[in-house]
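Structure first, then comments.
The values are calculated or read from the model by the stated rules, or taken from the named source; none is laboratory data. Just so we're clear, the structure is a prediction, and the values are computed from it rather than from any experiment. We place every Cβ from the backbone using ideal geometry, glycine too, and count neighbours over all the protein chains shown. The area values use the complete protein model at the heavy-atom level, side chains included, leaving out ligands, DNA and RNA. Shrake-Rupley method; radii C 1.70, N 1.55, O 1.52, S 1.80 Å.
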Amino acid sequence: MQEKFVYMDHTATTPVSPEVMKAMMPYFSEVFGNPSSVYSYSKKSRAAIEKARMQVANAFNAAPAEIFFTSSGTESDNWALKGTLENLKSKGKTHLITSKIEHHAILHTAEYLHKIHGFDVTYLPVDSEGRVNPEDVRNAINDKTALVSIMFANNEVGTIQPIKKIGEICREKKVLFHTDAVQAAAQLNIDVKDLNIDMMSISGHKMYAPKGIGALYIRKGIRLENFMHGGGQESARRASTENLAGIVGLGEAMEILKTRLDDDMRRISSWRDEIISGILAKIPYAKLNGATGSERLPNNINCSFIGVEGETLLLDLDYRGISASTGSACSSASLDPSHVLLALGLKHEMAHGSLRFTLGRLTTHDHVKYLLEVLPEIVARRREMSPLWEDFLKSNA
Amino acid sequence: MALDYSQKVMDHFMNPRNVGEISNADGVGEAGNPKCGDIMKIYLKVNDETKIIEDVKFKTFGCASAIASSSMATEMIKGKTVQEAWDLTNSAVAEALDGLPPIKMHCSVLAEEAIHTALNDYRAKHGMDVIPIEHHED
Ligand SMILES: Cc1ncc(COP(=O)(O)O)c(C=O)c1O
Ligand code: FES
């Protein structure tokens, strides 16, 4: 059916890059020693892990001892929240501040902390472009607040948060600050020191490393309860035999990412803007969701088309070889529309008709042109069979 | 969420039959889906003497399963009497489509209810009692 493969879902996941794959290969069968073993053969495994730790640390201006490898972005998020709250509970710190537009790895962890442990959680609202107001963070902090966790950039609409300002407020108020940078770390230059970040989650599969490897940056001196209990790996802070090849892959991917980031992002953000303006010009009543320019992830396009439902558009796009994503209720397991789009104030029917395209290394300029060629037709055809579109046109006539 | 639709569903979704409106319809009905907020509107042209549905058109705002169910359901009631059309169940529609994913069964209920609403509109216009519609989830 589809000969074309126009992958526009780099936010969902990315392919392992050939260089990363090559760096990983020796660590499956050739160099396989358990890093914890005493014999000299295992030295190579230990050295590989320490090299990767250095590569990741360098990418964010952190110290290697501040990088802890985990199994995923989700685990890093779970650890940061649960570990911090559990550790500070005995000091009477039982309050967590986060936002309404976090990834479920944060939101469902916060719900768990509230439901099972009785911690208080404040979910900060966002403005119509998906921005958290730092003053809201300041006002939400009380003497019970243990942690503020605000994502660096949103995975659905791409809005980048005022992280430095939020970090500053947290320092001033002596509250710990965690950020989920799973998306941001793949696209932005991040300096954890400059931005006042205490903890930061990253994930390999968003940056051309494999799925199932992640890391948590924990600033020196910050204590949190362990999340994985067991052996003494990762300085006795994260148990389980290290995912050697995965760790090597993450380190390599980070180093490569940094060397090409500026060029990649200049190209990708110009294509992003070409797609956004193309969509707004060619499709009547199309609306951009999220912020613009430098406040938006370079690779993210999220638009709503009143009168049509996103899953149908995804299948129409798929038929033409384009992979994308939607915030429609119809395509979620819960049949609820995207919590992010609702938090931005979108009506249900606008969330229904949303599409997300996320660009990356697989994107070419031909893909950009092809998308702009087929999308207007697809939307027009589905609108023609929609009673909602008919009503909308009548009410706008 | 990945979806594996049958070939029949994909066929009716990609090439839906009976899309559109009938300007002087004998019965018009609209049903909304409380689960995800989708809407189906159906238009019937009924022969007064034979009570046979001679033409039927639909418009649907909803997922692929909703569009395919609308298309299939309209095919199934075309040429049938209003009584026969009333008896069409959503599970018969789903079966004719070679099945729907469990989470998508409710989309076929939309088609059943829109048809019932349109038939009641026809009945009301022709001095007949309106039949209560039984709502169900799937
Ligand atoms: C913002 C954000 N946080 C966390 C995650 C989860 O990361 P992982 O898939 O590595 O568990 C994702 C991935 O979808 C994400 O986009
Ligand atoms: S119409 Fe929404 S899930 Fe089918």
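In table form, for the structure just shown:
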{"item": "Evaluation of residue A:331 against (1) within 14 Å of chain B (Cβ to nearest Cβ); (2) away from ligand 2 (no atom under 16 Å from the Cβ); (3) of a type in the set (Gly, Ala, Ser) (one fails), failing number", "result": "(2)"}
{"item": "Which listed residue, of B:93, B:56, is among the aliphatic types (A, V, I, L, M), touching a residue at least 24 places away in the same chain (Cβ under 8 Å) and under 23 Å from residue A:390 (Cβ atoms)", "result": "B:56"}
{"item": "Residue check for residue A:74: over 25 Å from residue A:195 (Cβ atoms) and of a type in the set (Val, Ile, Thr)", "result": "no"}
{"item": "Pick from segment A:58-111, criterion among the polar types (S, T, N, Q) and over 30 Å from residue A:248 (Cβ atoms), ranking: farthest from the chain's Cα centre (by Cα)", "result": "A:90"}
{"item": "All helices (runs of 4 or more DSSP H) inside segment A:307-397 with 2 or more residues being touching a residue at least 24 places away in the same chain (Cβ under 8 Å) and acidic (Asp, Glu)", "result": "A:310-319"}
{"item": "Test result for residue B:51, within 16 Å of ligand 2 (Cβ to nearest atom) and over 20 Å from residue B:5 (Cα atoms)", "result": "no"}
{"item": "Members of segment A:32-46 that are over 18 Å from residue A:236 (Cβ atoms) and among the charged types (D, E, K, R)", "result": "A:43, A:44"}
{"item": "Positions within segment A:282-306 being under 23 Å from residue A:385 (Cα atoms), outside any strand (DSSP E or B) and either open to solvent by 10 Å² or more (accessible area, probe 1.4 Å) or within 14 Å of another protein chain (Cβ to nearest Cβ) (or both), in sequence order", "result": "A:282, A:284, A:285, A:306"}
{"item": "Residues located in segment A:198-223, provided they are more than 15 Å from residue A:247 (Cβ to Cβ), open to solvent by less than 10 Å² (accessible area, probe 1.4 Å) and near ligand 1 (Cβ under 10 Å from one of its atoms)", "result": "A:201"}
{"item": "Residues located in segment A:32-52, provided they are under 16 Å from residue A:246 (Cβ atoms) and open to solvent by less than 20 Å² (accessible area, probe 1.4 Å)", "result": "A:33, A:35, A:45, A:48, A:49, A:52"}
{"item": "Residues that are open to solvent by less than 10 Å² (accessible area, probe 1.4 Å) and touching a residue at least 60 places away in the same chain (Cβ under 8 Å), drawn from segment A:188-197", "result": "A:190, A:192"}
{"item": "Test for residue B:60: is it under 12 Å from the mean Cα position of the chain (by Cα) and among the polar types (S, T, N, Q)", "result": "yes"}
{"item": "Selection within segment A:334-354 - hydrophobic (A, V, I, L, M, F, W, C), away from chain B (no Cβ under 14 Å) and either surrounded by fewer than 19 Cβ atoms within 10 Å (Cβ to Cβ) or touching an Asp or Glu at 6+ places or on another chain (Cβ under 6 Å) (or both)", "result": "A:340"}
{"item": "Which numbered condition residue A:357 misses (of (1) away from chain B (no Cβ under 12 Å); (2) among the aromatic types (Phe, Trp, Tyr); (3) surrounded by fewer than 17 Cβ atoms within 10 Å (Cβ to Cβ))", "result": "(3)"}
{"item": "Exclusive hit being polar (S, T, N, Q) and surrounded by fewer than 24 Cβ atoms within 10 Å (Cβ to Cβ), set A:312, A:241", "result": "A:241"}
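Residues checked against (1) within 16 Å of ligand 1 (Cβ to nearest atom); (2) under 24 Å from residue A:103 (Cβ atoms); (3) at pLDDT 95 or above:
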{"residue": "A:40", "(1), (2), (3)": "no, no, no"}
{"residue": "A:44", "(1), (2), (3)": "no, no, yes"}
{"residue": "A:47", "(1), (2), (3)": "no, no, yes"}
{"residue": "A:63", "(1), (2), (3)": "no, no, yes"}
{"residue": "A:70", "(1), (2), (3)": "yes, yes, yes"}
{"residue": "A:75", "(1), (2), (3)": "yes, yes, yes"}
